[in-house]
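Any read-out appearing in this document is the output of simple, stated calculations on the displayed coordinates, not a laboratory observation. Being a predicted model, the structure only gives us computed values, none of them experimental. Cβ placement follows ideal geometry from the backbone for every residue including glycine, while neighbour counts extend to all protein chains displayed.
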Amino acid sequence: MNQLGIGIAITGSGSATPDVAVDNYQLSQVVETSDEWITTRTGIRQRRLMDAQGCLSAIASQAAQNAIAMAGIKPTDLDLIILATSTPDDLFGTASNIQHQIGAPQAVAFDMTAACSGFIFGMVTAAQFIRTGVYSNVLLIGADILSRWVDWSDRGSCVLFGDGAGAIVMQANECDRLLGFELRSDGTLNKSLQLPYNAQVKEIVNGVTVSQGTYQPITMNGKEIYRFAVQKVPEVIEKALFRANLTSGEVDWLLLHQANQRILDAVAQRLKIGADKVISNLANYGNTSAASIPLALDEAVRQGKIQAGDTIASAGFGAGLTWGATIFQWGR
Ligand code: ACO
């Protein structure tokens, strides 16, 4: 509990994914790969992909509405909406469009980007507004349509990603359920995973040039990201657990960014957390970037796996590079 006596509770979750599922056999018609390679190296069996007409705000709004319904509040009760995404419909921001679509006129809304760490960074950002007493009801959405930016000729990366959205409602509460966090960034490894802007020079008047480019597809050094995740994620969870005054033995669920089953297993092993406590749904969705943690959380809550009062250690990691962990208890 902070000095103002304002705690935080996570009172609702929701998710939404596109209808179209593409399995590993179908992908082997796109690039030279096989179900056997993808399954053994990553654990992924299929991913959902947004069709060409679809937009981020549609799945994000649906996830948001499901989370709001579970929390038992009305959209008009919301004070703040944060959309964690790297793939907005509009580079000026998509959160305001979601605010309009779900009917939350009182809420201030903005996008934030921290790639696959976006949801964890968003959770900590939302917590600051609640702890200072500024806002009481916050909607945090993690949503991405990475298929827009995947290089569909690169078998090293295109097999990993999928599209989806997840959301939670965070509320001011007497009891503080956000027990600890730790956030980190390291720009020296920025080039290991990028969705960079590609400038094209255009002269607008004599001697004055501007850049009129676009973003180029995702580039990734898979091995480097793998090594980074397996080393840094256990460290950041241990730091967050220390701040929460807990040990890994007291964790009920390990909820990691769903990038690769081998990363999930290695992190759990390093933290000495049993495989039965690891939340995993990446077989069905692949890596959905900022959506992966709330999507997995929502499924586990709705399946009755995660129960009120359970202690969850959650961590995101990805481009930037960025990584971070939160320790929280589900429910009021
Ligand atoms: N199908 C078949 N063969 C493949 C495929 C594929 N889809 N992709 C790569 N290969 C080949 C490679 O060409 C290589 O062949 P070679 O030995 O003849 O050169 C061989 O398989 C082994 O490749 P590696 O890169 O060594 O495979 P590795 O075991 O490292 O697995 C993987 C690759 C799955 C990408 C792994 O490194 C990984 O998961 N890294 C983390 C990636 C990640 O999580 N990124 C997202 C971060 S989150 C964010 O911010 C978006």
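Tell me, what is a quarter of the convex hull surface for the C-alpha atoms of segment 183-282, in nm² with one decimal? The partial results should precede the final answer.
Working: hull surface 36.1 nm².
So the Cα hull casts an average projection of 9.0 nm².
Beta bridges from DSSP with both residues in segment 7-177: antiparallel share about 70 percent, rounded to the nearest 5. With no solvent and one point per C-alpha, what does the Debye sum give as log10 I(q)/I(0) for segment 233-288 at q = 0.17, 0.25 Å⁻¹? Results for segment 233-288 at q = 0.17, 0.25 Å⁻¹ read -0.52, -1.00.
Please report, in debye to the nearest 20, how large the charge dipole of segment 7-177 is about its Cα centre when each Lys and Arg carries +1 at its beta carbon and each Asp and Glu carries -1 there.
Values: 9 positive and 17 negative charges, 65 e Å.
For this selection, approximately 320 debye.
Would you be so kind as to identify all helices of the chain, as entire DSSP H runs, whose Cα atoms reach 27 Å or more along the helix's own axis and whose mean Kyte-Doolittle hydropathy is at least -1.0? Write down the numbers at each step before the final one.
Values: long enough: 222-243 (31 Å, -0.15).
For the chain, where a helix must reach 27 Å along its axis and average at least -1.0, the hits are 222-243.
Partner lysines whose Cα lies under 24 Å from the Cα of Lys272, excluding those fewer than 8 positions away in the same chain, are identified as Lys223, Lys232, Lys239, Lys305.
Chymotrypsin sites (Phe, Trp or Tyr not before Pro), restricted to segment 56-150: which are DSSP loop and have at most 12 other Cβ atoms within 10 Å? Provide the component values of the computation, followed by the final result.
Details: sites: Phe92, Phe110, Phe119, Phe121, Phe129, Tyr135, Trp149; in loops: Phe92, Tyr135, Trp149.
Qualifying residues, ordered by number: Phe92.
Here the sum of -39500 (n - 2.57) over DSSP H runs of 4 or more residues, divided by the residues of the chain, equals -9000 deg cm²/dmol at 222 nm, to the nearest 500. Straight-line reach from Lys277: taking Cα to Cα under 12 Å and skipping same-chain neighbours fewer than 8 places apart, the aspartates and glutamates in range are Glu250, Asp252, Asp265, Asp310.
If you take every DSSP beta bridge fully contained in the chain, what fraction is antiparallel? Give it as a percent rounded to 5. It would help to have the intermediate numbers written out before the result.
Working: 45 of 61 bridges.
Of the beta bridges lying entirely in the chain, close to 75 percent run antiparallel.
Here the calculated FRET efficiency for Glu250 and Ser185, from their Cβ-Cβ distance with R0 = 22 Å, stands at 0.20, rounded to the nearest 0.05. Here the chain is scanned for GluC sites (Glu not before Pro) in DSSP loops (not H, G, I, E, B) that have at most 10 other Cβ atoms within 10 Å, and the longest stretch holding none of them is 175-332. Extension gain for the segment Asp151 to Arg227, taken as residue separation times 0.36 nm less the Cα-Cα distance, is 25.1 nm to one decimal.
The Cα atoms of segment 7-177 cover 54, 32, 25 Å along the three principal axes, with the biggest extent listed first.
Output needed for segment 276-329: three equivalent-ellipsoid semi-axes, defined as square roots of 5 times the C-alpha gyration tensor eigenvalues, in descending order, whole Å. If you can, show how the numbers build up before the last one.
Numbers: eigenvalues 80, 45, 13 Å².
Over the Cα atoms of segment 276-329, the ellipsoid semi-axes are 20, 15, 8 Å.
Would you mind telling me which residue in Thr39, Thr85, Thr188 has the biggest mean-square fluctuation in a Gaussian network model of the chain, where springs connect alpha carbons within a distance under 10 angstrom? Residue with maximal mean-square fluctuation among Thr39, Thr85, Thr188: Thr188. Checking every one of the trypsin sites (Lys or Arg not before Pro) in segment 200-283 against DSSP loop status and a limit of 12 other Cβ atoms within 10 Å picks out Lys272.
Using a Förster distance of 45 angstrom, determine the FRET efficiency expected from the C-beta separation of Lys305 and Gln212, and round it to 0.05. Walk me through the intermediate numbers first.
Working: r = 49 Å, r/R0 = 1.10.
Given R0 = 45 Å and the Cβ-Cβ separation, E is 0.35.
Centroid-to-centroid, using Cα positions, segment 294-317 and segment 193-246 are 27 Å apart.
Taken over the chain, the alpha-carbon convex hull comes to 148 cubic angstrom per residue. Note on Ile204 and Ala21: their simple-model spin labels are 4.9 nm apart, each label 7 Å out from Cα toward Cβ.
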